[in-house]
Amino acid sequence: MTFAEILVEKGKEAGLEFSETQLQQFTTYYELLVETNKVMNLTAITEPEEVAVKHMIDSLLAYDESFAGKVLADVGTGAGFPGVPLKIYCPKLKVVLIDSLGKRLKFLENVIAQLDLEDISCRHLRAEDAGHTKDLREKFDIVTARAVARLSVLAEYCLPLVKKGGTFIALKGSKYADEIVEGETAVKILGGKIISAEPVKLPGLDDGRAIVKISKLKITPNTYPRKAGTPEKKPLGSK
């Protein structure tokens, strides 16, 4: 089976359908990912089915019909997940990919060019610095993050970027329930409120993933995020 055929089959299991253009774009993205991965560490997953399910479809589980026309920041985007799949799937979504590694962003700029994507850009910044950057702070309707850090730390990276009334979406693994309990204080300090934690199942896998959604109710105090390294060493709300 081709990568596109795998994506169609597995996508159906997840309730997703793709246009021909989207299938071509996802295929090109997959080919660029695997080729670049030979010279740069982008992902440990390279088999077609695993990439289709664990990267592409996993990213798309964060999608919501309300995304069209909104502005999304993907923090610690790495090889572009979930930001690039969400952009392919929802062309009217505006996306900013944020990462601290310039080499990864060069790869993503190539992906954007090869896929002919519009209204998507890259910013070379640490998450802690992005939150204090004037044209980024509290400017986004949606902020996403996948496999970056525990929720108590992740909230400090991401909530300062979310505009009041916007949403922070964290794609989390099997320990999400513990992370929510541990992160509640941090989320509140940063102006947010956890509104849902929806368990999601990837085709053929049952590993306890969830989409955690946090609504931004108040402006984040100016002191956050704290300087680089501090959120990891001393998460907000930790004793």
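Rundown of residues vs (1) under 18 Å from L60 (Cβ atoms); (2) crowded, with 19+ Cβ neighbours inside 10 Å, yes/no style:
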{"residue": "K175", "(1), (2)": "no, no"}
{"residue": "E179", "(1), (2)": "no, yes"}
{"residue": "I195", "(1), (2)": "no, no"}
{"residue": "V200", "(1), (2)": "yes, no"}
Say we look at segment 104-136 and pick out the residues that are assigned to a helix (DSSP H, G or I), free of Cβ contacts under 8 Å to residues at least 60 places away in the same chain and open to solvent by less than 30 Å² (accessible area, probe 1.4 Å); which of these is nearest to V34 (Cα to Cα)? L108
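Per-residue answers, yes or no, for (1) part of a strand (DSSP E or B); (2) at pLDDT below 95:
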| residue | (1), (2) |
| --- | --- |
| A149 | no, yes |
| S152 | no, yes |
| C158 | no, no |
| K163 | yes, no |
| I195 | yes, no |
| L202 | no, yes |
Tell me whether segment 177-187 contains one or more residues that are in a strand (DSSP E or B) and closer than 30 Å to K12 by Cβ. no
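Matching residues to (1) of a type in the set (V, I, T); (2) more than 25 Å from A210 (Cβ to Cβ):
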position	(1), (2)
A4	no, yes
K10	no, no
T43	yes, no
A68	no, no
L93	no, no
K106	no, yes
Qualifying residues in segment 223-239 (those that are among the basic types (K, R) and in contact (Cβ under 8 Å) with a residue 12 or more places away in the chain) - the one most open to solvent (accessible area, probe 1.4 Å): K227
Would you point out which residue out of T220, T167 is at pLDDT 95 or above, among the polar types (S, T, N, Q), touching a strand residue (DSSP E or B) at 6+ places or on another chain (Cβ under 9 Å) and open to solvent by 10 Å² or more (accessible area, probe 1.4 Å)? T167
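The values are calculated or read from the model by the stated rules, or taken from the named source; none is laboratory data. In this text, all values refer to a predicted model and were calculated from it rather than measured experimentally. Every residue, glycine among them, receives a Cβ derived from its backbone with ideal geometry; neighbour counts consider all protein chains shown. Just so you know, the surface numbers come from the protein's heavy atoms only, side chains and all, with ligands and any DNA or RNA stripped out. Shrake-Rupley method; radii C 1.70, N 1.55, O 1.52, S 1.80 Å.
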